[in-house]
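The values are calculated or read from the model by the stated rules, or taken from the named source; none is laboratory data. Remember, predicted model here, so these are calculated numbers, not experimental data. When we count neighbours, we look across all protein chains shown, and the Cβ atoms used for this are built from the backbone with ideal geometry, even at glycine.
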Amino acid sequence: MAVPVERVNSSTGTLVSSSTDQPISRLSKLALAIRYQKLVRSHPNMPSIENLNANLSGEFEVFMPFYRGLKLRSQRYRKVKYALKDTLKESNLGSWNIALLACDMFNIRDLGK
């Protein structure tokens, strides 16, 4: 089955034009976070967004309800990201591009409900 090509507004993750009923790209951070929440609800042993080990305090608490907070709370995500960044650098493949803060600031509390 052929997957349709998506034209995506990279600032919002929304589709520019679509022949489907999906308003957001299936590859956007929002779509992936929604899929994660659905997966968590079907597998009770997986940590939900709300129950991830939150070692955020002080200045980082502002990120708690947002996707950025999800990434900050996930120790595994940060560990793998740092390993990837080191590998890119050691292999002379360039550096990790840092996304704009606005790209990670969408609310994740009610995803996929």
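A quick yes/no check of all residues on (1) touching a strand residue (DSSP E or B) at 6+ places or on another chain (Cβ under 8 Å); (2) in a helix (DSSP H, G or I); (3) within 17 Å of residue 101 (Cβ to Cβ); (4) modelled with pLDDT of 75 or more:
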residue	(1), (2), (3), (4)
38	no, yes, no, yes
46	no, no, no, no
50	no, no, no, no
53	no, no, no, no
61	no, yes, yes, no
71	no, yes, yes, yes
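Answer yes or no as to whether residue 77 is of a type in the set (Phe, Trp, Tyr), at pLDDT 70 or above, more than 13 Å from the chain's Cα centre (by Cα) and exposed (fewer than 14 other Cβ atoms within 10 Å of the Cβ). Outline the logic, then answer.
On the way: of a type in the set (Phe, Trp, Tyr): yes; at pLDDT 70 or above: yes; more than 13 Å from the chain's Cα centre (by Cα): no; exposed (fewer than 14 other Cβ atoms within 10 Å of the Cβ): yes.
Judged against the criteria, residue 77 is not a match.
Take residue 57 and decide whether it is at pLDDT below 80, exposed (fewer than 10 other Cβ atoms within 10 Å of the Cβ) and hydroxyl-bearing (Ser, Thr, Tyr).
Yes: the conditions hold for residue 57.
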